[in-house]
Each structure stands twice: as structure tokens, then as C-alpha cells.
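The structure appears right after this line, and notes come after that.
The values are calculated or read from the model by the stated rules, or taken from the named source; none is laboratory data. Keep in mind that this is a model prediction, so the values were computed, not measured. Here the Cβ positions follow ideal geometry from the backbone for every residue, glycine too, while neighbour counts run over all protein chains shown. Protein only, heavy atoms only, side chains kept; ligands, DNA and RNA dropped before computing areas. Shrake-Rupley method; radii C 1.70, N 1.55, O 1.52, S 1.80 Å.
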Amino acid sequence: MSDKAENQDQSPQTRRLADVVREVKNAMADRDDVVVELREATRTRLELMAAELAPVFAQVPADADLFDFTISSGLQPRLWIDAVSHVAMARDRRTYRFLRDTRAGRVVLAEDIAIKPVADQVARYVAERLIERERMMDGLPLSLRNEGSAAEPSPETVVRRGGWPAFLSGLGLVAAGALVGLIATVLTLWDRLLTTFGSGQ
């Protein structure tokens with residue numbers, strides 16, 4: 001009889017625990033569904049932004065490997081422009097944010113509910129990066145730019161590229177470093193020098 005009482009006492013607890021487990025699972029499934037729906041909604045909006053920028057992306061030279069132009073998956077999808085900038089959705093899931101990571105932290109380059117203003121800022125950013133790339137390529141030595149030409153760059157070209165000032169500033173740094181090293185050596189060996197010259201007298 002005592003066994004029956006124990007079974008009667010345990011079975012409601014087991015049923016209640018099973019019910020709670022089922023409820024928790026259902027709540028987690030509902031929450032997961034909401035997360036998935038939000039992620040899909042975010043991805044859809046980023047795909048609309050990518051479609052708006054598709055003509056810009058198509059005009060980027062094929063050899064310009066600065067850009068990614070991909071939508072990443074994960075809890076917070078992002079449209080990556082390059083390694084340091086991307087478009088993401090704000091917490092309201094309606095506002096587009098064009099962000100760039102810098103040494104000073106993350107900077108908001110554009111933020112708007114409408115696609116066009118943010119897309120225009122992204123296009124401008126891409127253009128600026130391409131211009132920076134062209135300038136860097138123009139700064140290469142002439143022999144690398146014109147592989148078939150053995151001509152030396154003119155003095156004006158060297159000065160314009162900052163060759164002489166860079167050389168002189170480097171020479172100044174070397175001289176300053178040598179002077180600091182000499183002073184440090186003299187200070188380190190000062191006691192020995194005094195002892196040596198003092199014993200000589």
C-alpha cells in the first residue's frame with residue numbers, strides 16, 4: 001500500500017515536470033522561429049541593398065581585390081563592402097547603417113530608413129577606395145609601372161614622390177639614434193671612465 005502511495009505521489013510530479021519541459025521547448029522553438037524570421041527579414045533587406053548597388057559593383061575593375069561585396073550569414077547578417085566596412089540593419093530592423101571599423105572604433109558613415117541615401121554613400125566610398133588604389137599604383141617606381149622601359153625617373157619625379165625628403169628624414173633619424181646611443185654609452189660607462197682617468201693621474 002505504501003508503494004501505491006509513493007507511485008501516486010511521484011506520477012503527478014513527473015507529469016508536471018514533463019509539461020514544464022514541453023512548455024519550455026515550445027517557448028524556445030517560438031523564440032527560435034522569431035530569431036530566424038528576423039534574420040531572414042534582415043537578409044532580405046540587405047539583398048535589396050545589394051541589388052541597388054549591383055550596377056556599382058559590376059563596374060569595379062576585376063583586378064581590384066579590395067572589395068568583398070558579400071552578405072554574411074549568422075545571427076546578424078551583413079553586406080560586406082570590404083574588410084573594414086559593411087552595411088547592417090539597426091535594432092529596429094528597418095534602418096540601414098553603413099559602418100566602417102577604424103583604429104578609433106566603429107564609425108557610422110551613413111544611416112537612413114531609405115535605401116538610396118545609404119547606397120549613394122556606399123558608392124562614394126567605393127569610388128574613394130578606387131582613387132586611393134590608383135594613387136598608390138602611381139606612387140610605384142617607374143620601372144615597375146612600365147615594365148618594358150629602362151628609363152630612370154627624373155629628379156622632379158623623385159622629389160614629387162617624396163624620395164629626397166624621405167631619404168633626408170631617414171638620415172636624420174639614423175644620426176639622432178647614433179647620438180642617443182653614444183650618450184647612453186657614455187652615461188653607462190661614466191664611473192669606469194672616471195676611475196680610469198683618475199688612476200692615471
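Report yes if some residue within the stretch 175-190 is surrounded by 10 or more Cβ atoms within 10 Å (Cβ to Cβ), of a type outside the set (D, E, K, R) and either at pLDDT below 75 or in contact with an Asp or Glu (Cβ under 7 Å, 6 or more places away or on another chain) (or both); otherwise report no.
yes
Looking at the stretch 39-94, which of the residues that are over 19 Å from Pro117 (Cβ atoms) and touching a helix residue (DSSP H, G or I) at 6+ places or on another chain (Cβ under 6 Å) is surrounded by the most Cβ atoms within 10 Å (Cβ to Cβ)?
This residue is Pro77.
Could you check how many residues of the stretch 97-136 are of a type outside the set (Val, Ile, Thr) and outside any helix (DSSP H, G or I)?
Matching residues across the stretch 97-136 total 14.
I need the full set of residues from the stretch 78-96 which are not acidic (Asp, Glu) and not in a strand (DSSP E or B), in order please.
Of everything in the stretch 78-96, those that are not acidic (Asp, Glu) and not in a strand (DSSP E or B) turn out to be Ala83, Val84, Ala90, Arg91, Arg93, Arg94, Thr95.
Of the numbered conditions (1) at pLDDT below 95; (2) open to solvent by 50 Å² or more (accessible area, probe 1.4 Å), Gln121 satisfies every one except a single condition; which is it?
Gln121 satisfies every listed condition except (1).
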